[in-house]
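I have placed the structure first, in the form of structure tokens, so that the comments after it can refer back to it.
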Amino acid sequence: MNYFYCDVHTHLTHGRFCDDQKEVIARAIAAGLGAIVSNGLNPVSNREVLSLAAEFPQIKPALGIYPTDAVNDILPEDYLYRVDRFDVDAEIAFIRQCAREKKIIAVGECGLDGHLVDASTFAAQERVFEALIGVAIEHDLPVIVHSRKREVRCAEILASLGAKKVDFHCYGGKSKHAQKWAENQGWYFSIPANARVSESFRKLLSSLPPEMILTETDAPYMGPVRGERNEPANVVGTVAYLAELRGWTEEDAKKTVWGNYLRLFGHFSNASA
Ligand SMILES: [Zn+2]
């Protein structure tokens, strides 16, 4: 069987790729990536993700609503970042329709955030997260979870709804919790490309059950070199680092992570590239 690298969480429709998006994708494919799961955040990026995926078989579309976008209607006027106003329920319905039509490989990015917004938004965030988990479960799709500073609450909600196909992206919570959820719930953790400079990601790479480890970039963010734009091809370095930490060959590490990708996402019609 052929095996490839995978980036299970990236944002190729981000403005920082607008000048050379095609070159970035070509570099990823040349580096051996068989799957680049491009995650949407809101109505605009969700539609861009779908059209990008129609162009390249390696681009796998995931649609979601980012936690701050999920509460766009209650953010203060002077909120620090630009968040467009839109009808969240209409977007959930759109994502559900795409899931029904088997146009998407996963639901995400979605989840809870306790860093960018305050506790007054938590109930509204949870309502949207629960609805999107519901879409994923209804259609047997994985859910790609943003859990910054709300890791335990995310896990409580996922467990209470019975979500089985879960990827925690850029997980920043306690590693003992990750260990427990990987072992007891069968939830996956995708490790970003800056693992070599992050004590907590190094710890996850070396201690999680190997069959629960995935690679991601969150590009353009979270690059291996601070301040430099990240891109999907950088997952190759994370797989090399995983091999180093475990005393495996790079081929074995690549094979393991690709097998994990296929197990979680592989039912999608063209998921095996
Ligand atoms: Zn992201």
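The values are calculated or read from the model by the stated rules, or taken from the named source; none is laboratory data. If you're wondering where the values come from, they're calculated on a predicted model, not measured in any experiment. Glycine also receives a Cβ, built like all others from the backbone with ideal geometry; neighbour counts cover every protein chain displayed. Calculation scope for accessible area: heavy atoms of the full protein, side chains included, ligands and nucleic acids excluded. Shrake-Rupley method; radii C 1.70, N 1.55, O 1.52, S 1.80 Å.
Descriptive notes on the structure:
- Relative contact order (percent, whole number), the range 5-265, Cα cutoff 8 Å, 6+ residue spacing: 19 percent
- Point-charge dipole on Cβ atoms (K/R +1, D/E -1) for the range 5-265, about Cα centre, debye to 20: 700 debye
- Helix 43-55 vs. the chain, principal-axis angle (Cα, 0 to 90°, nearest 10): 40 degrees
- Taken along its three principal axes, the alpha carbon spread of the range 61-153 comes to 38, 28, 19 Å, from the longest extent down to the shortest.
- Over the range 1-140 - Rg/Rh using Cα atoms and the Kirkwood inverse-distance radius: 1.00
- Sorting the segments 130-143, 152-165 by their residues' average number of neighbouring beta-carbon atoms within 10 angstrom, most packed first, yields 130-143, 152-165.
- Annotation for the range 59-106 versus the range 107-164: alpha-carbon center distance of 13 Å.
- Extension gain for Lys255 to Ala31 (0.36 nm times residue separation, less C-alpha to C-alpha distance): 79.1 nm.
- Heavy-atom surface of the chain, accessible at 1.4 Å and reported per residue (Å²): 43 Å²
- Segments 105-117, 216-228, 185-197 sorted - mean Cβ within 10 Å per residue, highest first: 105-117, 185-197, 216-228
- Taking 0.36 nm per residue of separation and subtracting the current Cα-Cα distance, fully stretching the chain between Val225 and Ala93 would add 43.7 nm.
- Relative contact order (%) - the range 118-196, alpha-carbon pairs under 8 angstrom, separation at least six: 27 percent
- Hull volume in cubic angstrom per residue (convex hull over the Cα atoms of the chain): 118 Å³
- With Cα atoms, 0 to 90° folded angle of helix 21-30 axis to the chain main axis: 30 degrees
- Restriction of the trypsin sites (Lys or Arg not before Pro) in the range 44-112 to DSSP coil positions whose beta-carbon has at most 12 other beta-carbons within 10 angstrom yields Arg82, Arg85, Lys102.
- Here the convex hull built on the C-alpha positions of the range 109-258 has a volume of 109 cubic angstrom per residue.
- Debye intensity ratio in log₁₀ form over the Cα atoms of the range 1-58, taken at each q of 0.18, 0.26, 0.28 Å⁻¹: -0.59, -1.16, -1.30
- For the range 1-110, the set of chymotrypsin sites (Phe, Trp or Tyr not before Pro) satisfying both a DSSP loop assignment and a count of at most 11 other C-beta atoms within 10 Å is given as Tyr81.
- For the range 163-236, Kirkwood radius (reciprocal of mean inverse C-alpha pair distance, Å): 12.4 Å
- Whole-number Å³ per residue for the convex hull built on Cα positions in the range 109-180: 80 Å³
- Extreme residue, positive dipole direction of the range 5-265, given options Phe168, Leu245, Ser147 (C-beta unit charges): Leu245
- Cα centre as origin, Lys/Arg/Asp/Glu Cβ charges: the range 1-73 dipole, Debye: 180 debye
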